[in-house]
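Remarks on the structure that follows.
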Amino acid sequence: MYNFAYGSNMNLEHMRRICGWHFSVLGGAKLEGYQFGPDTRGYFNIRPSPGQKVFGALYKVEQRSIEALDEFEGYPEVFGRTEVTVKDFDGDEYKAWVYLEGPEYFGEFEIREDYLKRVLIGAKENHLPKEWIKILAGFKK
């Protein structure tokens with residue numbers, strides 16, 4: 001089973017705090033057909049949007065990791081969980097779980113500084129494209 005992370009869960013130290021050693025890092029990946037942006041609470045969110053793409057980290061996870069992530073993300077009350085198809089940077093496809101809030105929480109809001117710092121570290125750790133890292137850094141206050 002796989003998980004695609006696009007926010008603070010890309011940060012390996014953060015992910016280890018949530019899931020322990022019950023996952024392995026596959027590296028950077030791309031999700032097509034989704035838009036990326038801030039939510040109303042100061043975190044990142046995604047929503048379906050044709051022609052858009054989101055970069056993030058792809059993990060191979062055990063069931064206990066999904067259970068820990070469900071709890072951390074407030075599933076199903078805060079974040080929903082859906083299966084999507086992502087491609088790693090070699091072009092291989094994976095069915096992966098991703099967490100997203102309802103579209104009503106998507107908006108033009110400021111990102112929390114401590115959260116953004118974790119996200120940027122995770123993006124660099126997973127060797128996401130430099131252009132994507134610049135987009136992320138652009139959310140800095």
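The values are calculated or read from the model by the stated rules, or taken from the named source; none is laboratory data. Bear in mind that the values here come from a model prediction, so they are computed numbers and not experimental data. Note that we place each Cβ from the backbone using ideal geometry, even for glycine, and neighbour counts take in every protein chain shown. Remember, those area values only see protein heavy atoms, side chains included, never the ligands or the DNA or RNA. Shrake-Rupley method; radii C 1.70, N 1.55, O 1.52, S 1.80 Å.
Here are some notes:
- Close Cβ contacts (under 7 Å, 6 or more residues apart or on different chains) running from residues in the range 10-29 that are among the aromatic types (F, W, Y) to residues that are surrounded by fewer than 19 Cβ atoms within 10 Å (Cβ to Cβ) comprise F23/K60; F23/E62.
- Odd one out for K60 among (1) basic (K, R); (2) out of contact with any Ser or Thr (no Cβ under 8 Å at 6 or more places or on another chain); (3) surrounded by 14 or more Cβ atoms within 10 Å (Cβ to Cβ): (2)
- Residue count for the range 38-80, restricted to those that are in contact (Cβ under 8 Å) with a residue 60 or more places away in the chain and basic (K, R): 1
- The single condition among (1) of a type outside the set (K, R); (2) under 27 Å from I133 (Cβ atoms); (3) open to solvent by 40 Å² or more (accessible area, probe 1.4 Å) that E67 does not satisfy is (2).
- Restricted to strands (runs of 3 or more DSSP E) entirely inside the range 1-95, those with at least 2 residues that are modelled with pLDDT of 95 or more and touching a helix residue (DSSP H, G or I) at 6+ places or on another chain (Cβ under 8 Å) are 2-5, 23-38, 44-61.
- Residues in the range 82-93 that are open to solvent by less than 50 Å² (accessible area, probe 1.4 Å) and in contact (Cβ under 8 Å) with a residue 40 or more places away in the chain: V84, V86, D88.
- On the stretch given as the range 100-137, residues that are open to solvent by 60 Å² or more (accessible area, probe 1.4 Å) and either farther than 13 Å from L12 by Cβ or touching a residue at least 24 places away in the same chain (Cβ under 8 Å) (or both) total 18.
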